[in-house]
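Student: Below you will find the structure I want to go over with you.
The values are calculated or read from the model by the stated rules, or taken from the named source; none is laboratory data. Quick caveat: nothing in here was measured; it's all calculated off a predicted structure. All Cβ positions, glycine included, derive from the backbone under ideal geometry; neighbour counts span all protein chains shown. To get the accessible areas, we keep the full protein, side chains included, count just its heavy atoms, and leave off ligands, DNA and RNA. Shrake-Rupley method; radii C 1.70, N 1.55, O 1.52, S 1.80 Å.
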Amino acid sequence: MSLRYSILTSGSTGNALYVEAEEHSFLVDAGLSGKQMEALFQQIDRDISKLSAIFVTHEHSDHIKGIGVLARKYKLPVYANEKTWRAMDGLVGAIPTEQKFVFDMESVKSFGSVQIESFGVSHDAAEPMFYIFHHSGGKKLVQITDTGYVSDRMKGIIKDADVYIFESNHDVQMLRMGRYPWNIKRRILSDVGHVSNEDAALAMSEVVGDRTKRIYLAHLSLDNNMKDLARMSVSQTLESRGLIVGEQFDLYDTDPKIPTVLTAV
């Protein structure tokens, strides 16, 4: 068995990614309530109590809402960097010290056949970082959302993965014309905000490789994006760079309420 994964929930209201290998299983973020997270696990026929670890990307509520409940109820180890732990203090409730672990940015932790690599992103949080899952069989899964832009450093780290879970947060025109107050619009459009459909596609065009087979468009705004629009915009931009969706790789949706099918990398 290689890596298998399901994007349990993705969007403005909550985010969570499940990844498993032979002897270990992992959760990245738990952005919905404990009960909602349990229901999502039931939908993919997996047991939360069997998780080897929960990894936290950053302290925003749509990523940590269920962390404390799940950690306490199922006695699960939780990993985050020190600044994120401090920022989460008071937001997730008390987690026993023996369940709290530090995962430094730009470092790697090994769990059996899986190596998990952390890397920093540009977002308005204490020290936001995301994760790459490397399997001993040579497979690579990358999750990159909640970043205002994708730097050359990030591109170098995430290049040529088998699977990408890539932020495609908003359509710029929908955001500019929408109901959000200008200070929120400015934050989203900033270098510490969220990546637009077009900018996501431009970054994808520089990192997809010969082995890339699937790209999931993630963290779509409920107010400033639509699945069809995101797919169309990303596809057109990739095509302008000579990358044809459906030939080299496929694009997939994610959803706030419906997990993606548990899939092998």
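Student: Arrange the residues 56, 265 by how much accessible surface each exposes, largest first, with a 1.4 angstrom probe. Could you put the intermediate results ahead of the total?
Tutor: Numbers: 56 0, 265 25 Å².
Putting 56, 265 in descending order of accessible area: 265, 56.
Student: In the Gaussian network model of the chain, springs joining C-alpha atoms below 10 Å, which of 81, 169, 183 carries the largest mean-square fluctuation?
Tutor: Residue with maximal mean-square fluctuation among 81, 169, 183: 183.
Student: Please give the solvent-accessible surface of residue 95 in Å², to the nearest 10, using a probe radius of 1.4 Å with every protein chain present.
Tutor: Approximately 20 Å² for this residue.
Student: Using the Karplus equation 6.51 cos²θ - 1.76 cosθ + 1.60 (θ = phi - 60°), what ³J(HN,Hα) coupling, rounded to whole Hz, does each residue of the stretch 234-247 give in order, writing x for Gly and Pro?
Tutor: After applying 6.51 cos²θ - 1.76 cosθ + 1.60, I find 5, 4, 5, 5, 4, 4, 5, 9, x, 10, 9, 5, x, 10 Hz.
Student: From largest accessible area down, sort 257, 185; use a 1.4 Å probe on the protein chains. Don't jump to the answer; show the numbers that get you there.
Tutor: Details: 257 160, 185 20 Å².
Descending order: 257, 185.
Student: Determine, from the Cβ-Cβ distance of residue 179 and residue 50 and an R0 of 41 Å, the FRET efficiency 1/(1 + (r/R0)^6), rounded to the nearest 0.05. Don't skip to the end; give the middle numbers.
Tutor: Values: r = 42 Å, r/R0 = 1.04.
Computed FRET efficiency for residue 179 and residue 50: 0.45.
Student: Modelled label-to-label distance, residue 108 and residue 186, 7 Å Cα→beta-carbon offset: nm?
Tutor: 4.2
Student: Quick one: Debye curve from the C-alpha atoms of the chain, no solvent, what's log10 I(q)/I(0) at q = 0.08, 0.10, 0.11, 0.17 Å⁻¹?
Tutor: Rounded to two decimals, the profile gives -0.28, -0.45, -0.55, -1.41.
Student: Restricting to DSSP H runs of at least four residues, report the calculated mean residue ellipticity at 222 nm for the chain, -39500 (n - 2.57) per run over all residues, nearest 500 deg cm²/dmol. Working shown, then result.
Tutor: Details: 9 runs with 75 residues, N = 265.
Per the formula, -7500 deg cm²/dmol.
Student: Just by accessible area at a 1.4 angstrom probe, what is the order of 73, 83 from largest to smallest?
Tutor: Details: 73 120, 83 95 Å².
Sorted by accessible area, descending: 73, 83.
Student: For the chain, which whole-number percentage of the solvent-accessible area (1.4 Å probe, protein heavy atoms only) is attributable to carbon and sulfur atoms? Can you show the working numbers first?
Tutor: Values: 5570 of 11230 Å².
Accessible surface attributable to carbon and sulfur in the chain totals 50 percent.
Student: Compute the accessible area per residue over the chain, keeping the other protein chains in place, probe 1.4 Å, unit Å². Can you show the working numbers first?
Tutor: On the way: 11230 Å² over 265 residues.
I get 42 Å² per residue for this part.
Student: Separate question: What does the net charge come to around residue 55 if you take all other residues with beta carbon closer than 12 Å to its beta carbon, with K and R at +1 and D and E at -1? Let's see the in-between values first.
Tutor: On the way: positive: 109; negative: 29, 117.
Once all neighbours under 12 Å are counted, the net charge is -1.
Student: Now, a different point. Please find, in a Gaussian network model of the chain (springs between Cα atoms separated by less than 10 Å), the residue of 129, 174, 105 whose mean-square fluctuation is greatest.
Tutor: 174
Student: Given the pairs 73/140; 73/109; 50/159, which span a C-alpha to C-alpha distance of over 28 angstrom in this model? Please list the in-between numbers first.
Tutor: Working: 73/140 31 Å; 73/109 25 Å; 50/159 31 Å.
Beyond 28 Å between Cα atoms: 73/140; 50/159.
Student: To continue, here is another question. Just to compare against my own numbers: the Cα pair-distance distribution for the stretch 1-156, 10 Å bins, whole % per bin, please.
Tutor: Using 10 Å bins, I get a P(r) of 11, 44, 38, 7, 0 for the stretch 1-156.
Student: Taking the Cβ of residue 233 as the center, what net charge do the other residues with Cβ under 14 Å away carry, scoring Lys and Arg +1 and Asp and Glu -1? Intermediate results must be reported in sequence, preceding the final value.
Tutor: Values: positive: 227, 231, 241; negative: 167, 171, 198, 199, 228, 239, 253.
Computed value for this residue: -4.
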